[in-house]
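These notes are about the structure you will find just below.
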């Protein structure tokens, strides 16, 4: 038997401790990590709007499921499920004529699981409801590891998900774009070996947990190259951001242009980025220009930021 050493205890952390604000933290994280939820549900949801006003209330997230072109709404909730959020879910569903309705909470009461299952049983084939529990695991002081789990949902016969192994044309376009970007980079720097996935972004390591180099298509027809900071602890993120910002002049001189230093007030994560106009729907020539713009920036970002990030003095 292999010697595994001293075993450590796995603990479940309340999501409010990781994302203090539902609107500013939790909804933003779910939107930024929609591919994680897509993997659990075998869907291809793309977020279109955040905090949209509906009847004097705000819908957390709205989007489209690209395989079926069905409107999607997502309502996030701290703690245990309650009647108030169930009512909001139905109200928003009607207002948006949603086909896929997702309710995310820390824990679901039995009565609300039964309600979701009942709604699935009485509604048309093209209307599906999901109750998703969001759990966060930690081992001692390790970075938090979020996990989505289906607490209640439609029966298999009612799910209109993407057949296993297939991706939508839009996500295939994303994958083709980032494969071309990767190929361009490898001609200049052999370290860009991270696999590409059918996603609107490509995330790369910079040698330290909680820090990522990301190239992404974002809302508003923009393409962005950034250093994204999220160690799971807001105070640590802000400290890292400030330490890097102290070297702003040196960093921008080495990269060759001014950067946008976004502490993202009221939110846990921070980012340093530069953006250009661009959409995956652009024509071939326009997408090629984005690749030619992004490739040298990714190389410079990794070269300049990696040693600085490794040397940050952070207390967890």
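The values are calculated or read from the model by the stated rules, or taken from the named source; none is laboratory data. What you see is a predicted model, and the numbers here were worked out from it, not measured in a lab. Here Cβ is always computed from backbone atoms with ideal geometry, including for glycine, and neighbour counts include all displayed protein chains.
Observations on the structure shown:
- Matching residues, segment 87-120, being outside any helix (DSSP H, G or I) and farther than 15 Å from residue 77 by Cβ: 97, 98, 99, 100
- Applying the set (1) touching a helix residue (DSSP H, G or I) at 6+ places or on another chain (Cβ under 7 Å); (2) in a loop (DSSP other than H, G, I, E, B); (3) over 29 Å from residue 22 (Cβ atoms) to residue 251 leaves exactly one unmet item: (2).
- Residue 314 surrounded by fewer than 18 Cβ atoms within 10 Å (Cβ to Cβ), outside any helix (DSSP H, G or I) and over 22 Å from the mean Cα position of the chain (by Cα): yes
- Residues in segment 36-56 that are touching a strand residue (DSSP E or B) at 6+ places or on another chain (Cβ under 8 Å) and either farther than 16 Å from residue 95 by Cα or crowded, with 20+ Cβ neighbours inside 10 Å (or both): 36, 37, 38, 40, 41, 43, 44, 45, 46, 47.
- Those residues of segment 254-271 which are assigned to a loop (DSSP other than H, G, I, E, B) and within 18 Å of residue 236 (Cβ to Cβ), in sequence order: 263, 264, 265, 266, 267, 268, 269
- Restricted to segment 22-66, and to residues there that are touching a helix residue (DSSP H, G or I) at 6+ places or on another chain (Cβ under 9 Å) and part of a loop (DSSP other than H, G, I, E, B), the residue that is modelled with the lowest pLDDT is 55.
- Filtering segment 219-243 to residues that are assigned to a loop (DSSP other than H, G, I, E, B) and within 22 Å of residue 303 (Cα to Cα) leaves 230, 231.
- Counted residues, segment 209-218 - those being in contact (Cβ under 8 Å) with a residue 40 or more places away in the chain and either in a strand (DSSP E or B) or farther than 27 Å from residue 143 by Cβ (or both): 5
- Residue count for segment 67-97 satisfying the condition of being under 21 Å from the mean Cα position of the chain (by Cα) and buried (at least 19 other Cβ atoms within 10 Å of the Cβ): 8.
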